[in-house]
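J.: Could you have a look at this structure, given as structure tokens, before my questions?
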Amino acid sequence: MSRPLQRFTGSCHCGAVRFAITSDFPELTQCDCSMCRRRSATMVKVHESAFELLAGGEALSEYQFHTRTARHFFCKVCGIYPFHRKRVTPDFYGVNVACLDDFDPTGIPLRQAVGAAMP
Ligand SMILES: [Zn+2]
């Protein structure tokens, strides 16, 4: 099911980090890698050209592990994970859709990504 391109703003819980993305939301993903399994986030993939950091760059903390290619960001103040830089496709962001304002995931396919099986 194809959806129109839509722009959504989003934020962490305390509001220090604010961002916006534009996507037609072809699918959402959950991932079983050691990181995603723990944070249990549902994500959408957007190219960096469709991602805008509106505020809070200084509030972001960065966590890296394993190959240290993916860059996982979280808010230093409230601890929420809003987005990360992806490992296999580093010019893309994975964005936590639960952080988006007024986002309704109804009807968008959910895919299980197999991060745990990546070398
Ligand atoms: Zn925060």
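The values are calculated or read from the model by the stated rules, or taken from the named source; none is laboratory data. Bear in mind the structure is a predicted one, so any value in this text is a computation, not a measurement. Please note: Cβ atoms are built from the backbone with ideal geometry, for glycine as well, and neighbour counts cover all protein chains shown.
J.: Just checking, which of Glu58, Glu62 is within 16 Å of the ligand (Cβ to nearest atom), assigned to a strand (DSSP E or B) and over 29 Å from Arg3 (Cβ atoms)?
T.: Exactly one of Glu58, Glu62 is within 16 Å of the ligand (Cβ to nearest atom), assigned to a strand (DSSP E or B) and over 29 Å from Arg3 (Cβ atoms), namely Glu62.
J.: Which pairs have Cβ atoms under 7 Å, sit 6 or more apart or on different chains, and link a residue in the range 48-72 that is within 19 Å of Thr22 (Cβ to Cβ) to one that is in a loop (DSSP other than H, G, I, E, B) and away from the ligand (no atom under 13 Å from the Cβ)?
T.: Short answer, once both residue conditions are applied: Glu48/Asp91.
J.: Can you pull out every residue in the range 1-19 that is buried (at least 18 other Cβ atoms within 10 Å of the Cβ) and more than 16 Å from the ligand (Cβ to nearest atom)?
T.: Answer for the range 1-19, where residues must be buried (at least 18 other Cβ atoms within 10 Å of the Cβ) and more than 16 Å from the ligand (Cβ to nearest atom): just Phe8.
J.: Please go through the range 93-107 and pick out each residue that is among the β-branched types (Val, Ile, Thr) and at pLDDT 95 or above.
T.: Of everything in the range 93-107, those that are among the β-branched types (Val, Ile, Thr) and at pLDDT 95 or above turn out to be Val95, Val97.
J.: Exactly one condition in (1) free of Cβ contacts under 8 Å to residues at least 40 places away in the same chain; (2) within 16 Å of the ligand (Cβ to nearest atom) is not met by Ser23; state its number.
T.: Looking at each condition in turn, Ser23 falls short on (2).
J.: Go through the range 45-92 and report how many residues are surrounded by 12 or more Cβ atoms within 10 Å (Cβ to Cβ), of a type in the set (S, T, N, Q) and modelled with pLDDT of 95 or more.
T.: Here the count works out to 0.
J.: Quick one: how many residues across the range 32-44 are more than 12 Å from Asn96 (Cα to Cα) and either surrounded by 13 or more Cβ atoms within 10 Å (Cβ to Cβ) or charged (D, E, K, R) (or both)?
T.: The total comes to 5.
J.: Just to be sure I understand, how many residues within the range 71-107 are in contact with a strand residue (DSSP E or B) (Cβ under 6 Å, 6 or more places away or on another chain) and of a type in the set (A, V, I, L, M, F, W, C)?
T.: Summing the residues that are in contact with a strand residue (DSSP E or B) (Cβ under 6 Å, 6 or more places away or on another chain) and of a type in the set (A, V, I, L, M, F, W, C) in the range 71-107 gives 9.
J.: Which count do you get for residues in the range 90-104 that are away from the ligand (no atom under 16 Å from the Cβ) and either within 15 Å of Val46 (Cβ to Cβ) or hydroxyl-bearing (Ser, Thr, Tyr) (or both)?
T.: Number of matching residues: 7.
J.: Considering each residue of the range 68-89, count those that are more than 16 Å from the ligand (Cβ to nearest atom) and touching a Ser or Thr at 6+ places or on another chain (Cβ under 6 Å), and give that number.
T.: Number satisfying all stated conditions: 1.
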